[in-house]
1. What are the residue pairs meeting all of these: first residue in the range 256-284, first residue modelled with pLDDT of 70 or more, second residue among the basic types (Lys, Arg) and loosely packed, with under 14 Cβ neighbours inside 10 Å, Cβ atoms under 6 Å, and 6 or more apart or on different chains?
2. Go through (1) of a type in the set (A, V, I, L, M); (2) out of contact with any Phe, Trp or Tyr (no Cβ under 6 Å at 6 or more places or on another chain); (3) surrounded by fewer than 24 Cβ atoms within 10 Å (Cβ to Cβ); (4) in contact (Cβ under 8 Å) with a residue 40 or more places away in the chain and name the single condition ILE57 misses.
3. Would you pick out the residues in the range 200-212 that are closer than 23 Å to PRO181 by Cβ and of a type in the set (Val, Ile, Thr)?
4. Among the residues of the range 415-438, is there at least one that is of a type in the set (Gly, Ala, Ser), over 24 Å from GLY50 (Cα atoms), at pLDDT 90 or above and buried (at least 19 other Cβ atoms within 10 Å of the Cβ)?
5. Does LYS371 satisfy the condition of being of a type in the set (D, E, K, R), touching a residue at least 60 places away in the same chain (Cβ under 8 Å) and out of contact with any strand residue (DSSP E or B) (no Cβ under 6 Å at 6 or more places or on another chain)?
6. Is it the case, given these coordinates, that LEU467 is within 30 Å of ARG108 (Cβ to Cβ), out of contact with any strand residue (DSSP E or B) (no Cβ under 8 Å at 6 or more places or on another chain) and not β-branched (Val, Ile, Thr)?
7. With respect to the numbered conditions (1) of a type in the set (Lys, Arg); (2) more than 23 Å from the chain's Cα centre (by Cα); (3) under 23 Å from LYS451 (Cα atoms); (4) in a helix (DSSP H, G or I), which one is the sole condition not fulfilled by LYS100?
8. Check whether at least one residue in the range 285-296 is in a helix (DSSP H, G or I), touching a Lys or Arg at 6+ places or on another chain (Cβ under 9 Å), surrounded by fewer than 18 Cβ atoms within 10 Å (Cβ to Cβ) and modelled with pLDDT of 80 or more, and report yes or no.
Amino acid sequence: MTILPYLRTAADGLMIRTPSRWPEIIQGGMGVAVSHWPLARAVSVAGHLGVVSGTGIDTVIVRRLQDGDAGGHIRRALASSPWSGLADQLLARYFLPAGKPDEQPYARLPMWTLSATAWRKAVAMLSGYVEVWLAKHGHGGPVGINLLTKVPLPNLAVLYGAMHAGVDVVLMGAGIPREIPGALDRMARHEAAQLRLEVVGARPTDPEQWMHFDPQTYASGVTEPLQRPAFFPIVAAHSLAHMMAKKASGAIQGFIIEGPTAGGHNAPPRGAKTVDESGQPVYGERDVVDLGEIAKLGYPYWLAGSFGFRGSLAAAQALGATGIQVGTLFAYCQESGLTEAVRKKVLEQVKAGHLTIRTDPLASPTGFPFKVVELKETLSEESVYLERRRVCDLGYLREAYREQSGRIGYRCAAEPLRDYVAKGGEVEETEGRKCLCNGLMASAGVPQRQKDGSVELPIVTSGDEILRIRELIGERDSYSAQDVLSYLMDRTQDG
């Protein structure tokens with residue numbers, strides 16, 4: 001199935017990617033690079049919606065180039081892009097034909113700020129293009145891209161590149177992406193777009209801060225409007241769905257309804273914030289989404305979180321959903337972006353039945369709860385989760401804050417304590433925080449070697465449904481994306 005035919009919006013004639021029949025299964029967008037292009041492509045070729053992760057994709061692409069671009073995939077995608085000059089510059093700066101020596105650190109990109117250079121944005125734009133182009137190349141299936149609202153600064157550039165590659169759907173959660181639909185409209189017409197940046201400590205009299213992206217800076221020779229992707233906000237409450245339907249800056253085409261058992265970042269509990277005896281957040285009745293209220297909005301919707309069991313597609317459709325979004329089962333399949341070592345260790349412990357998932361309310365610098373796989377006999381004696389070294393050299397999860405001078409600064413609760421406090425941060429905010437950026441890059445196979453010679457070690461995230469993999473794989477040691485699809489589409493319900 002392809003995302004066709006396209007329907008015109010009545011307002012301005014934009015072509016929005018909207019099918020006569022939506023895919024029933026959406027493969028979750030898992031970062032960093034867990035849902036990379038080979039996984040999304042495998043799901044898409046099978047007729048469902050494959051999704052690439054756009055979170056940190058610029059760093060992933062430049063590190064893969066420094067590793068030698070095995071198979072030549074990135075270079076092949078760049079050669080097809082409409083920005084040949086920028087592509088040549090990217091290769092000249094980062095491509096190492098023989099790959100970098102193991103003892104050599106990866107060259108880092110500058111961290112994102114409101115004043116990011118045109119070149120810094122170009123790297124993100126090219127990276128969004130490359131990942132989507134590779135996922136879509138050579139077939140007619142639909143491909144989506146997932147981004148985090150809580151990582152705002154790269155998003156416009158990544159989206160514009162993805163749109164040039166023909167991305168079919170944009171999915172966004174971890175915040176309220178109200179301004180994204182309008183930005184997609186504008187960028188489809190190659191017009192400048194902007195997103196408001198939240199600034200901690202801003203005063204009512206301070207001017208609002210905006211992130212800007214102007215496609216005309218990167219004139220590609222394309223003058224016809226791009227086909228605008230469908231937009232699915234990821235929500236954890238029917239009230240948020242209502243708000244998005246009524247107050248978003250442009251048209252939305254559907255919703256992902258995600259429960260707190262999903263992997264990665266979860267929405268915080270609504271109401272009083274309490275934790276159980278193990279320190280995990282407690283979710284209650286207020287966190288149950290009223291699907292009747294969702295249905296009244298008239299949009300297609302997909303259920304996510306605890307819908308990774310045999311027969312889950314039929315179960316979700318019986319509740320009125322169009323289908324399901326599933327991440328965890330795909331995360332450990334052969335096509336995923338996790339390293340072989342991580343996949344093997346997780347699957348061994350899944351089959352043994354003693355792997356556990358912890359919803360850590362403190363790990364993420366964003367303040368959102370974050371799911372963590374608690375591995376027994378970890379991959380390295382040094383990879384003790386609770387003792388990770390404090391560092392911030394990627395900066396995707398930094399928050400913008402108002403300095404006393406009125407200027408905008410950037411800080412991360414996982415950076416060295418002295419630095420964070422010097423920027424006006426409270427010591428209490430640093431308790432339990434982890435550098436998710438580096439940990440997730442490591443789990444995707446591109447770990448940084450730090451100045452002291454140590455190599456960043458993986459942080460692995462997963463949803464609560466991970467033990468379902470035991471039934472999926474039986475006595476096997478691995479499984480494919482197609483195995484997951486067949487399992488989910490089985491009409492025999494066991495959940």
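1. Between residues of the range 256-284 that are modelled with pLDDT of 70 or more and residues that are among the basic types (Lys, Arg) and loosely packed, with under 14 Cβ neighbours inside 10 Å, the close pairs are ARG270/ARG286.
2. Answer for ILE57: the failing condition is (3).
3. Within the range 200-212, the subset closer than 23 Å to PRO181 by Cβ is 208-212.
Those that are closer than 23 Å to PRO181 by Cβ and of a type in the set (Val, Ile, Thr): none in the range 200-212.
4. In the first step, residues of the range 415-438 are kept if they are of a type in the set (Gly, Ala, Ser); the result is 422, 424-425, 432.
Then drop every residue that is not over 24 Å from GLY50 (Cα atoms), which leaves 422, 424-425, 432.
Now narrow it down to the ones that are at pLDDT 90 or above: 422, 424-425.
So of that shortlist, the ones also buried (at least 19 other Cβ atoms within 10 Å of the Cβ) come out as 425.
Yes; the residues of the range 415-438 include at least one that is of a type in the set (Gly, Ala, Ser), over 24 Å from GLY50 (Cα atoms), at pLDDT 90 or above and buried (at least 19 other Cβ atoms within 10 Å of the Cβ).
5. Here the answer is no, as LYS371 does not meet what is asked.
6. In short, no.
7. Just one mismatch for LYS100, condition (4).
8. no
The values are calculated or read from the model by the stated rules, or taken from the named source; none is laboratory data. Remember, predicted model here, so these are calculated numbers, not experimental data. When we count neighbours, we look across all protein chains shown, and the Cβ atoms used for this are built from the backbone with ideal geometry, even at glycine.
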